[in-house]
Amino acid sequence: MTTAASAVTRYAGGERAVRFLEKALPAPCEPRTLNRAARDHMANNPGFALDVALTSPRWLATGWAYEITSLDVHAAHDHATQAAEALGWAQGTRARIRGIVTGDHSPGMFVRQVPGRAHSSL
């Protein structure tokens with residue numbers, strides 16, 4: 001995984017994006033907030049959106065969140081896939097998502113159990 005500073009520097013995210021990633025990557029963060037940030041920055045900063053979108057399922061897979069639904073898992077997957085395609089990194093991103101899903105330690109292994117499009121492309 002890229003470091004927060006290098007990811008934002010490479011994709012011209014700006015100081016606000018650096019502060020967001022520095023807080024979101026190493027410490028637990030609400031996955032829905034990460035999903036919204038990925039969605040909102042998709043067009044102007046796909047590198048930032050990709051890093052944030054991959055952080056969301058990582059926290060979901062550790063069981064860090066409340067009242068998670070399959071929509072949260074699908075949103076993270078969809079945003080990560082869209083950003084990776086924009087950057088030409090689809091194959092590597094699929095491998096990273098597979099690793100996150102395989103390492104699922106959420107209650108009931110929820111992230112791994114979500115059926116449908118989130119894991120069908122892996």
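Only one of the listed residues (Ser56, Ser70) is surrounded by 22 or more Cβ atoms within 10 Å (Cβ to Cβ) and among the polar types (S, T, N, Q). That residue is Ser56.
Kindly indicate whether any position in region 83-92 is surrounded by 16 or more Cβ atoms within 10 Å (Cβ to Cβ), at pLDDT 80 or above, hydrophobic (A, V, I, L, M, F, W, C) and in a loop (DSSP other than H, G, I, E, B). Yes, some residue in region 83-92 is surrounded by 16 or more Cβ atoms within 10 Å (Cβ to Cβ), at pLDDT 80 or above, hydrophobic (A, V, I, L, M, F, W, C) and in a loop (DSSP other than H, G, I, E, B).
Within region 36-53, the residues that satisfy the criterion of being crowded, with 17+ Cβ neighbours inside 10 Å and outside any helix (DSSP H, G or I) are Met42, Asn45.
Pairs please, first residue from region 84-113 and farther than 10 Å from Ala61 by Cα, second anywhere and exposed (fewer than 15 other Cβ atoms within 10 Å of the Cβ), Cβ atoms under 7 Å, 6+ apart in sequence or on different chains. Within 7 Å, the pairs are Arg94/Ser121; Arg94/Leu122; Ile97/Leu122; Arg98/Leu122.
Residues checked against (1) among the small types (Gly, Ala, Ser); (2) at pLDDT 85 or above; (3) in contact with a Phe, Trp or Tyr (Cβ under 7 Å, 6 or more places away or on another chain); (4) over 24 Å from Gly108 (Cα atoms):
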site	(1), (2), (3), (4)
Phe20	no, no, no, yes
Ala38	yes, yes, no, yes
Asn45	no, yes, yes, yes
Thr62	no, yes, no, no
Thr69	no, yes, no, no
Thr81	no, yes, no, yes
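The values are calculated or read from the model by the stated rules, or taken from the named source; none is laboratory data. Every value quoted in this text rests on a predicted model; they were computed, and no experiment measured them. FYI the Cβ positions are ideal-geometry reconstructions off the backbone, even for glycines, and counts take in every protein chain you see.
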